[in-house]
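J.: Attaching a single structure in structure tokens format; questions to follow.
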Amino acid sequence: MTISSIKSKESFEGNGSTTEFQIDFMFLRDEDVEVVLKDEAGTESVQVAGTDYQLSGVGEVAGGTCRMTVPPAVGQSLHLRRVPAIVQETDYPENDAFPAASHEAALDYLTMICQALSERLDRTISFRVSSAVTGVSLPEPDPDRVLAWNGTGDDLENRDVLACGNILVPVSVAQGGTGADNVTEALFNLGFGAMGAALAGCESGSEAVEALDPDLLRADIPDLLRAAYGDEAQSHAGTDLSGLAVARNHISWTLTADSQFSDVALPYDGTYVFHVYPATHGLALAASYKTDGSLPDPDSGAGEIRIAVEQYGGRKTIVSLQNMEA
């Protein structure tokens, strides 16, 4: 026999019902096949022969099968690989006829060992062919430290990321942080001034909730909208949308009396979001807007009525209306 295939590993996704899996590579002993089950969390566990699985097809050139006792579930994966022991067990007696079959079997086994080593090397980190670096070694694991090149750039060492000087704590806003080590300063640094002031001195979550009353949150609405949409909302005043020259894709409108969401000229095709703060006043929708007939009525008691209008080819459609809690 000869080993003409380079395959030495098989992987399968579980479906909760399949228990038999085809092994498309030759193996000479059952213990030469390692069976690994990876669960939904990514944890790998080596299965036990005779308990977790049964193999068949040993010595067959075409391979064999692995029958699992329990079918791998959806989200789990099964991995079968050939890992023969690195030994040489073929003996050549002196002054005896050349044992062709034994010799070929030994060569097959050595080829299997080489393929198993190659499969493992394929999963390791290596330098490029053009690299002249040699002698790099990994240090022993050190909790809460990171791997980094040493000062001469020829080996790896464990480093404290803060000691490297590349990042300072608290992390600045420019580096994606808040520049603060407490909630109050963090909110101030991110532009939520009134909210930060309200939270100052709060020692519990319940105190913070009481501090953030609706009026205070409404005072910080420009900051919240800027954080969500990337720029400040365009403000509007009045009892309808007449005279509004839309310049941005989201508009903030606080009602001072019962008002109408009337037709308005939109500068380009796309989606526009209107943040309407009713303050107990009623809002009626103009009949010129198209809807799918399933939108709720505007609620005067809502903290915000969020209306999304989509314009395409001159046709305006209210695609969403949400009555947000105060």
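J.: Would you work out the charge dipole size for the range 72-154 about its Cα centre, treating the Cβ of every Lys and Arg as +1 and the Cβ of every Asp and Glu as -1, and quote it to the nearest 20 debye?
T.: Values: 6 positive and 12 negative charges, 113 e Å.
Magnitude of the dipole: close to 540 debye.
J.: Another one. Loop-only chymotrypsin sites (Phe, Trp or Tyr not before Pro) in the range 86-166, please: DSSP not H, G, I, E or B, and at most 14 other Cβ atoms within 10 Å.
T.: PHE127
J.: Can I ask one more? Using protein chains only and a probe of 1.4 angstrom, how many square angstrom of TYR272 are accessible, to the nearest 10?
T.: Number for this one is 0 Å².
J.: Rounded to the nearest 20 Debye, what is the dipole magnitude of the range 1-91 about its Cα centre when Lys and Arg each give +1 and Asp and Glu each give -1 at the C-beta?
T.: Magnitude of the dipole: close to 180 debye.
J.: With a 1.4 Å probe and every protein chain left in place, tell me how much accessible area SER8 has, in Å² to the nearest 10.
T.: 10 Å²
J.: Filter the GluC sites (Glu not before Pro) in the range 34-131 down to the DSSP loop ones having no more than 15 other Cβ atoms within 10 Å, then list what survives.
T.: For GluC sites (Glu not before Pro) across the range 34-131 that sit outside H, G, I, E and B with at most 15 neighbouring Cβ atoms in 10 Å, the list reads GLU40, GLU60, GLU89, GLU94.
J.: What's the extension gain from TYR92 to VAL36 if we count 0.36 nm per residue and subtract their Cα-Cα distance?
T.: 16.5 nm
J.: Which net charge results for the neighbourhood of THR69, defined as the other residues with beta-carbon distances under 14 angstrom from its beta-carbon, given Lys and Arg at +1 and Asp and Glu at -1?
T.: So the environment of THR69 carries a net charge of -1.
J.: Under 5 Å between amide H atoms, partner at least 5 residues away or on a different chain: which partners does SER252 have, H built in plane at 1.01 Å?
T.: GLN234, SER235, HIS236, HIS275
J.: While we're here: Taking a ≥ b ≥ c as the square roots of the Cα gyration tensor eigenvalues, with a/c under 1.5 meaning rounded and otherwise prolate when a/b beats b/c, else oblate, which class fits the range 268-326?
T.: Prolate.
J.: For ALA101 and SER131, calculate 0.36 nm times their separation in residues minus their Cα-Cα distance, and state this gained length in nm to one decimal.
T.: 6.5 nm
J.: R0 = 45 Å: FRET efficiency of SER11 with ASP297, Cβ-based, nearest 0.05?
T.: The calculated FRET efficiency here is 0.25.
J.: Can you give me the solvent accessible area of MET324 with a 1.4 Å probe, rounded to the nearest 10 Å²?
T.: 60 Å²
J.: Using a ≥ b ≥ c from the Cα gyration tensor of the range 44-117 (square roots of the eigenvalues), is it rounded, prolate or oblate, where a/c under 1.5 gives rounded and otherwise the larger of a/b and b/c decides, a/b for prolate?
T.: Details: a/c = 3.19, a/b = 2.65, b/c = 1.20.
In terms of gyration-tensor shape, prolate.
J.: List, largest first, the extents of the alpha carbons of the range 1-63 along their principal axes, each in whole Å.
T.: The Cα atoms of the range 1-63 stretch 41, 23, 20 Å along the principal axes, largest first.
J.: Checking the a/c ratio against 1.5 first, then a/b against b/c, what shape does the Cα gyration tensor give for the range 1-150?
T.: oblate
The values are calculated or read from the model by the stated rules, or taken from the named source; none is laboratory data. The shown structure was predicted, so the numbers you read here are calculated from the model rather than taken from an experiment. With ideal geometry, Cβ positions are generated from the backbone for all residues, glycine too; neighbour counts draw on all protein chains shown. Just so you know, the surface numbers come from the protein's heavy atoms only, side chains and all, with ligands and any DNA or RNA stripped out. Shrake-Rupley method; radii C 1.70, N 1.55, O 1.52, S 1.80 Å.
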